[in-house]
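Take a look at the structure set out below.
The values are calculated or read from the model by the stated rules, or taken from the named source; none is laboratory data. Nothing here was measured: the structure is a model prediction, and the numbers come from that model. Cβ placement follows ideal geometry from the backbone for every residue including glycine, while neighbour counts extend to all protein chains displayed. We work out accessible area using only protein heavy atoms, side chains counted, and drop any ligands, DNA or RNA first. Shrake-Rupley method; radii C 1.70, N 1.55, O 1.52, S 1.80 Å.
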Amino acid sequence: MMQARWWLTAVAMAVTMFAGSPGHAQRSTSTSRLLVLNKDDATFAVIDPATGRVLGTVPVGQGPHELVASSDGKWAFASNYGTGPAPGHTISMIDIAALKEVRRIDVAPLNRPHGLAFVKGALYFTAEANKAIARYDPVTDKIDWKFETGQDGTHMVLIARDAKIILTSNIASDSISEIEQGPDGAWKQTIIPVGKGPEGIELSPDGREVWSAHSRDGGVSVTDVASRKVTGTIDVGTKRSNRIKLTPDGKYALISDLEAGDLVVLDAAARKTIRRIPLGRMPEGIVIPPGGSRAYVAVNGDNHIAVIELGTWQIASRIQTGKGPDGMAWRP
């Protein structure tokens with residue numbers, strides 16, 4: 001009888017150990033995917049966020065920078081910015097499930113495509129070399145709209161929910177643009193001066209504010225969308241801000257400091273820095289999935305993604321990707 005009890009206890013312990021083992025923990029039924037662009041490899045990678053496993057890669061154009069997924073989660077679009085001596089003029093359209101580039105969209109004479117947004121079935125992108133933004137229709141395979149900002153370094157783009165307001169960060173002009181469509185269909189631009197080198201740009205969850213992170217003066221500007229005026233400037237003290245993301249609840253702003261190697265956390269309501277998290281060399285892109293329990297930060301110089309637990313601000317894990325991860329997106 002004692003031997004039988006010992007055997008049952010041993011089996012129970014073995015089952016418990018297996019359930020907590022790393023191999024068992026890596027089993028995932030989730031279909032959510034982390035999408036990553038490896039700038040130096042010129043590849044697009046699909047990652048299972050539950051296991052950290054790279055499920056596959058797809059070659060794209062040279063110098064890919066930014067990434068966005070279509071609203072239905074079927075397609076990904078990568079802006080092929082190009083290299084220093086060779087400006088890019090294409091955007092890769094990728095079938096995420098099939099892991100295949102289905103179209104290399106030539107946007108010439110527009111050059112240096114960079115910031116991307118996908119709204120109402122259309123892809124919006126910046127053409128940095130042309131001081132412009134444009135809209136691409138994947139159904140007709142045509143660029144059906146273009147707007148010239150006239151600003152140097154039109155870099156990132158945001159689209160308000162009704163697709164009637166477009167916002168851009170203009171690095172070299174030290175401004176952001178708010179471009180609004182009027183009742184008559186005409187588009188009107190308001191140029192809003194901010195700090196030095198605004199690069200990262202983010203819309204608050206309620207759509208009322210635009211947060212822009214300055215790459216050259218360590219500040220963050222908060223702009224009221226309705227009045228088109230800067231309502232506050234926060235001295236964050238970054239060496240070179242790259243991207244900024246607000247958590248889904250609007251409580252925190254996360255800024256990647258490319259030169260310092262930190263992720264800077266701001267209390268959005270208090271407008272102050274509450275944490276600096278050392279990540280490694282050249283942290284760049286940031287993704288916060290719906291639900292807002294974790295943030296993913298591309299640590300470009302160390303070839304991995306840092307997974308940050310929001311609230312505790314601990315590094316939960318690091319995911320190896322490819323060379324030079326930068327732009328990221330989330331497929332729910």
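Quick look at the numbers
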{"read-out": "Selection count, region 150-161, where residues are within 24 Å of the chain's Cα centre (by Cα) and either farther than 15 Å from R135 by Cβ or crowded, with 22+ Cβ neighbours inside 10 Å (or both)", "value": "8"}
{"read-out": "Test: residue in region 57-80 that is touching a residue at least 12 places away in the same chain (Cβ under 8 Å) and in contact with a helix residue (DSSP H, G or I) (Cβ under 9 Å, 6 or more places away or on another chain)", "value": "no"}
{"read-out": "From G322, G327, residue being touching an Asp or Glu at 6+ places or on another chain (Cβ under 7 Å), open to solvent by less than 20 Å² (accessible area, probe 1.4 Å), within 22 Å of I96 (Cβ to Cβ) and assigned to a strand (DSSP E or B)", "value": "G327"}
{"read-out": "Among the residues listed as V68, V54, V46, the single one being in contact with a Ser or Thr (Cβ under 7 Å, 6 or more places away or on another chain), at pLDDT 95 or above and among the aliphatic types (A, V, I, L, M)", "value": "V54"}
{"read-out": "Number of the exception - G301 against (1) open to solvent by 20 Å² or more (accessible area, probe 1.4 Å); (2) farther than 29 Å from G207 by Cβ; (3) in contact with a Gly (Cβ under 8 Å, 6 or more places away or on another chain)", "value": "(1)"}
{"read-out": "Matching residues, region 29-63, being over 15 Å from the mean Cα position of the chain (by Cα), within 24 Å of N111 (Cα to Cα) and part of a loop (DSSP other than H, G, I, E, B)", "value": "D40, D41, A42, V60, G61, Q62, G63"}
{"read-out": "Residue tally, condition of a type in the set (A, V, I, L, M) and either surrounded by 21 or more Cβ atoms within 10 Å (Cβ to Cβ) or more than 21 Å from the chain's Cα centre (by Cα) (or both), over region 115-127", "value": "4"}
{"read-out": "Every residue from region 162-171 that is open to solvent by 40 Å² or more (accessible area, probe 1.4 Å) and in contact with a strand residue (DSSP E or B) (Cβ under 7 Å, 6 or more places away or on another chain)", "value": "K164"}
{"read-out": "Test: residue in region 99-114 that is open to solvent by 10 Å² or more (accessible area, probe 1.4 Å), touching a residue at least 60 places away in the same chain (Cβ under 8 Å) and in contact with a Leu (Cβ under 8 Å, 6 or more places away or on another chain)", "value": "no"}
{"read-out": "Of all residues in region 172-200 being out of contact with any strand residue (DSSP E or B) (no Cβ under 8 Å at 6 or more places or on another chain) and without any contact (Cβ under 8 Å) to a residue 12 or more places away in the chain, the one that is least open to solvent (accessible area, probe 1.4 Å)", "value": "G185"}
{"read-out": "Strands (runs of 3 or more DSSP E) completely within region 90-181 that count 2 or more residues being among the basic types (K, R) and farther than 23 Å from G219 by Cα", "value": "100-106, 142-148"}
{"read-out": "Single residue of region 64-83 satisfying the filter (touching a strand residue (DSSP E or B) at 6+ places or on another chain (Cβ under 9 Å) and assigned to a loop (DSSP other than H, G, I, E, B)) that is nearest to P332 (Cα to Cα)", "value": "G73"}
{"read-out": "Failed item in (1) closer than 25 Å to T231 by Cβ; (2) open to solvent by less than 30 Å² (accessible area, probe 1.4 Å); (3) hydrophobic (A, V, I, L, M, F, W, C), with A134 passing the rest", "value": "(1)"}
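Residue by residue, here is whether (1) surrounded by 14 or more Cβ atoms within 10 Å (Cβ to Cβ); (2) within 19 Å of V287 (Cα to Cα); (3) hydroxyl-bearing (S, T, Y); (4) modelled with pLDDT under 95 holds:
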{"site": "E202", "(1), (2), (3), (4)": "yes, yes, no, no"}
{"site": "A213", "(1), (2), (3), (4)": "yes, yes, no, no"}
{"site": "G218", "(1), (2), (3), (4)": "yes, no, no, no"}
{"site": "S221", "(1), (2), (3), (4)": "yes, no, yes, no"}
{"site": "T231", "(1), (2), (3), (4)": "no, no, yes, no"}
{"site": "I234", "(1), (2), (3), (4)": "yes, no, no, no"}
{"site": "T238", "(1), (2), (3), (4)": "yes, no, yes, no"}
{"site": "K245", "(1), (2), (3), (4)": "yes, yes, no, no"}
